[in-house]
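Scroll down for the structure; my scribbles are underneath it.
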Amino acid sequence: MGGAYKSLNGSEKADPASANGPARKQKSRVLIVPSRGITYRHRHLMNDLFAMMPHGKRDVKWDNKGKLYGTTRPQAPAGLHGRILGTDIGLTELCELAEMSNCNNLIYFEARKGQDLYMWLSRVPNGPTVKFHCQNMHTMEELHFVGNALKGSRPVLSFDAAFDKEPYLRVIKQLFLQTFGVPEGARKSKPFIDHVMAFSIADGKIWIRVYQINETEAKAQTEDGETEKSSSKNRTKETDINLLEIGPRITLTTIVLEGSFGGPIIYENKEFISPNQVRSDLRRQQAGKHNARSEQFVERLAKKGDLGLRTHGGKKMPTDALDSRELFA
Amino acid sequence: MVTKSRLKMALAHEKGVDFKKLHQKKVAKQASKKKQSKTGGAAKDGEAEEWEDEEEETKGGAPIDDEDDEDDSEDDDEEGHDVAAYLDDSASSDSEVEMEEKIARVRQPKQSELKQKANNKKAVAAVEEDEDDDDEEDPEEDIALEDLEDLSDAEKEDLVPHQRLTINNTTALEMALKRISLATDKSVPFKSHMTLSSVEPTADNIPDVMDDLKRELAFYGQALETVKQARSLLKAENVPFSRPKDYFAEMVKDDGQMEKVKARLIEEASAKKASAEARKLRDLKKFGKQVQVNKLQERQKAKKETLDKIKTLKRKRAENSGDLGTHEADLFDVGIEEELGKPDKKRGADRSGDRPNNKRMKKDQKYGFGGKKRHSKSGDAMSSGDLSGFSQKAMKQGTKGKPPKTARLGKSRRNAGKR
């Protein structure tokens, strides 16, 4: 098996060196940090992503709760930095952590309330940082897809054309490219290209899918024996491609984008509604139903009282002269 | 380019320790300076000047100068950071920001300073950023910028009731993009980034996001389109693309997981097959019953016909019975056989199914048949074997499906009726 690869790779190996000198390699590493309190599904999702990133490095759960980054920090002068992104999670410290482990990219999975997952993508030395809300998470294991890929092979990154439309999406595209794209010649990367990572935009959200590239022999072959021969000759070229999904699946909603650490927010998604808001609205809706009903009950009692139909309280009916109680008293 | 970076590396290796110390010294100096002149904006100005000075130096193109802020982090981990790589192609602005950031980080204990610093940095780097923010004054100085932030904060508070504040600072976004972007155009080999964009936005192919099938199909289409392009590009660059069948290495999903997937597939397939078979059997059964009924009817019909024929024959015999020869019985037999076209053997069986004669029937009617009438309606092997009236569906549904004819009243109302 090694021989096969060598024979494929051997001629090619000498090429780039001679062509454009010692090829400058894009060196990039990604630190993947979960927060304290992620659920098993979040963790599995993270591990799935990590499995496809040979240039990634996992760190232990980041405990931002005991450390109180936000409060120990002296308050900024009045009005200054009303909102510095990431102070509550200790982003600066996370950044240092990344730097200590030689990583220039950071993915931070922040779990809130044991149910909401936020993903922070950051370029380490000086931003930008983007915060996503993760929804529709499905891990590889849950999905039972038949696709599979080499661990550490470099993915083709497929972006929606919409990514080139808006500046903030272009920044996000670059961040995706640099975090999820495996740099050429990364240490643990494997030679062949057998999967594709697709980033699409629909409904204002970013949808991530991972597919295996499955090459099958072309079906459209003519009948002659001669053509069969030729087909066997250039089999490498004449293959159909189809894709098999591998998993995981995530949908990301952009929340904010920050230019640099501790810097101003340069993009904020107006359409994002926090899951807390959604939940509380739901609860309120439910409570509203009950409140309306109980109000109705009280109203009815009052009405009855006004009509003198209640034994206790309310108005008394004026006694009629023809009332049987009057007549036969 | 390359030689420059090499030189830088070499220098970094040589001077790494020195620079660190120098750096720290510098930082300490600055801190003390700052403390001294903390009262006014003078400190800031001084600082800014300093930074500008340094920036100028770096911009001046002395490779060693912009090295000194690099090697802080990079003396021990060249492989980790691609900052050096970016430094090569991206402009000196990268190094600027980096330098500022680095220092800010070193001086972290002084948090307030850090913030001022950050602000300074913004003032320097993001003067343009804020220009296109719709309703702001021109941020010329640091203080102005702060004021501006103040303003925007107040605005925020004002705006919240009406609408979420939209921040979309295009210039800043462009700057950030310029700072971090890797080249993905034609100038670099495709294999270095392996990134492709689809021709048209995927959202166009999704009429309804909630429609899972169409949506996933659109995503698939996008991926497939780009993969096809990518393959041709990679093949052109002589990159090994397809994995040979005999290349075994660790996969993303391990064997256990794949085994599970396979087992699931098999289970699904077998369940489908089993259900199809069951349906076929059911249909056959239904059809078989029909066949059985038809057969019974046919048999009955045939029986009736034969009986009729026998009757007519008998009548004929009775008409010309006057001159009967010695072979009367034989002739009778032959006649029947001719009429029926049936072999002799069957006659016995047929007769057993015959009705008894009329006299007997009359008597049976009058006096009863003699046999027992008890249990005549109880089930026997035939009746209990007859499943024509049975339906599995009805059994499983139970009585839940149809509502009771007369609803049973609640307990209180029933009891009220009694009293």
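The numbers here are math on the coordinates, done by the rules we state, and not lab data. Since we're looking at a predicted model, the values are computed, not measured. As a convention, Cβ positions derive from the backbone with ideal geometry for all residues, glycine included, and neighbour counts pool all protein chains shown.
May I ask which residue of B:Thr226, B:Ser187, B:Ala236 lies farthest towards the positive end of the charge dipole of the stretch B:183-248, with charges of +1 (Lys, Arg) and -1 (Asp, Glu) on Cβ and the Cα centre as origin? Most positive-ward Cα: B:Ala236. A simple spin-label model places the labels of A:Asn242 and B:Lys396 3.2 nm from each other, with each point 7 Å out along Cα-to-Cβ. Residues in the stretch A:306-322 carry Karplus couplings, in order, of 4, 7, x, 9, 9, 6, 10, x, x, 7, 8, 6, x, 5, 8, 5, 8 Hz; the curve used is 6.51 cos²θ - 1.76 cosθ + 1.60 with θ = phi - 60°, and Gly or Pro positions show x.
In this Cβ point-charge picture (+1 for Lys and Arg, -1 for Asp and Glu), the stretch A:274-316 has a dipole of about 180 debye about its Cα centre. Restricting attention to the stretch A:233-329, which chymotrypsin sites (Phe, Trp or Tyr not before Pro) occupy a DSSP loop and are surrounded by at most 15 other Cβ atoms within 10 Å? Counting only loop positions with at most 15 other Cβ atoms within 10 Å, the chymotrypsin sites (Phe, Trp or Tyr not before Pro) in the stretch A:233-329 are A:Phe328. Taken about its Cα centre, the stretch B:183-248 carries a charge dipole of roughly 500 debye when the Cβ of each Lys and Arg holds +1 and the Cβ of each Asp and Glu holds -1.
Under the combined filter of DSSP loop state and at most 10 neighbouring Cβ atoms within 10 Å, the stretch B:174-264 retains these trypsin sites (Lys or Arg not before Pro): B:Lys186, B:Lys245. Between B:Asp364 and B:Lys285, full extension at 0.36 nm per residue minus the direct alpha carbon distance yields a gain of 24.4 nm.
Between B:Met251, B:Val261, B:Asn294, the Cα set farthest toward the positive side of the dipole of the stretch B:250-309 (charges on each charged residue's Cβ, about the Cα centre) is that of B:Asn294. One Cα centroid belongs to the stretch B:265-321, the other to the stretch A:178-214; the line between them spans 65 Å. For A:Arg58, the amide hydrogen comes within under 5 Å of the amide hydrogens of A:Ile32, counting only partners 5 or more places away or on other chains and with H modelled in the peptide plane. For the stretch B:199-213, backbone phi angles converted through the Karplus equation (6.51, -1.76, 1.60; θ = phi - 60°) give residue-by-residue couplings of 6, 10, x, 5, 4, 5, 8, 10, x, 9, 5, 6, 7, 4, 5 Hz, Gly and Pro being listed as x. Once the Cα-Cα distance is subtracted from the 0.36 nm per residue extended length, the B:Ala249 to B:Glu277 segment shows a gain of 6.0 nm. Which pairs, out of A:Lys131/B:Lys191; A:Lys57/A:Lys165; B:Lys214/B:Lys245; B:Lys295/B:Lys362; A:Lys151/B:Lys262; A:Lys57/A:Lys205, put more than 21 Å between their alpha-carbon atoms? With Cα atoms farther than 21 Å apart: A:Lys131/B:Lys191; A:Lys57/A:Lys165; B:Lys214/B:Lys245; B:Lys295/B:Lys362; A:Lys57/A:Lys205. Put a dot 7 Å past the Cα of A:Gln135, heading toward its Cβ, do the same for A:Asp88, and the two dots end up 1.9 nm apart. What the phi angles of the stretch A:263-274 give under the Karplus curve with 6.51, -1.76 and 1.60, with θ = phi - 60°, is a coupling list of x, x, 7, 9, 8, 9, 7, 6, 7, 6, 10, 5 Hz, glycine and proline written as x. With both labels modelled 7 Å from their Cα along Cα-to-Cβ, the B:Glu216 to B:Lys262 distance reads 2.3 nm.
Please identify which residues in the stretch B:164-204 have an amide N closer than 11 Å to a label point set 7 Å out from the Cα of A:Lys270, following the Cα→Cβ vector. Only B:164-168 pass the distance filter. Between B:Arg408 and A:Phe297, the C-beta separation translates, for a Förster distance of 41 Å, into a calculated FRET efficiency of about 0.90.
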